[in-house]
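Since every read-out is calculated from the coordinates, none of them should be taken as a lab result. The shown structure was predicted, so the numbers you read here are calculated from the model rather than taken from an experiment. In this analysis, Cβ positions are derived from the backbone assuming ideal geometry, glycine residues included, and neighbour counts consider all displayed protein chains.
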Amino acid sequence: QPISSGMGFYGGYFGFKQLLANGYIKKMPRFVGVQQDTCAPVYTAFHANREQIADDDIIRNPTGKAEAILRGNPTATYSYLRDLILDTQGTVVAPTQAELLKSYEVLQQAGISACHTGALSLAACKKLILDGWITPEEKCLLMVTGGRMY
């Protein structure tokens, strides 16, 4: 799921925890946080195995097509996001702007209305499949947001 401060991400996590606790699912899914390569402080800190955001991770003037998640300083929520990702054996990925634009185009061609932020989910899924992190046997739920209502 695309993340900035991660409130939607955290809400999804607690929802799945309730599904698990009430027997609706058998295991907790792995949670994947997605940021664009031009504004990826959570990605940078997570892959540096930091418990807190470092000053070097902070993006002072964030840019990128996925405007809804242009948060360069998620210091206040990073430790919670990190714990959630580790708890679910998840990860964080940061697709490039080119990967984002290609995924946006694919969604549009398929008739799926999404914003650039929503298209990051597809870009991340493709990246994780190509890297072997997602196997052919696994199912993925993509959070594709920001579409227009007709």
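Some notes on this structure:
- Considering only GLY90, VAL106, ALA124, and ranking their Cα positions along the charge dipole of the chain that arises from unit charges at the beta-carbon of Lys, Arg, Asp and Glu, the one farthest toward the positive end is VAL106.
- Only lysine pairs 8 or more places apart or on separate chains count here, and in region 7-130 those with Cα atoms under 23 Å apart total 7.
- P(r) weight above 17 Å for the chain, C-alpha pairs, percent: 61
- Pair-distance distribution of region 1-51: all C-alpha pairs, bin width 5 Å, starting at 0; shares per bin in whole percent are 5, 19, 22, 20, 15, 11, 7, 2.
- Ranked packing of 18-27, 53-62, 85-94, 136-145, most packed first, by mean Cβ within 10 Å: 85-94, 53-62, 136-145, 18-27
- Charged neighbours of LYS126, selected by a Cβ distance under 10 Å, balance to 0 (K, R count +1; D, E count -1).
- The Cβ shell under 13 Å around ARG50 holds other residues with a net charge of -4, Lys and Arg each +1, Asp and Glu each -1.
- Once the Cα-Cα distance is subtracted from the 0.36 nm per residue extended length, the GLN97 to GLN109 segment shows a gain of 2.5 nm.
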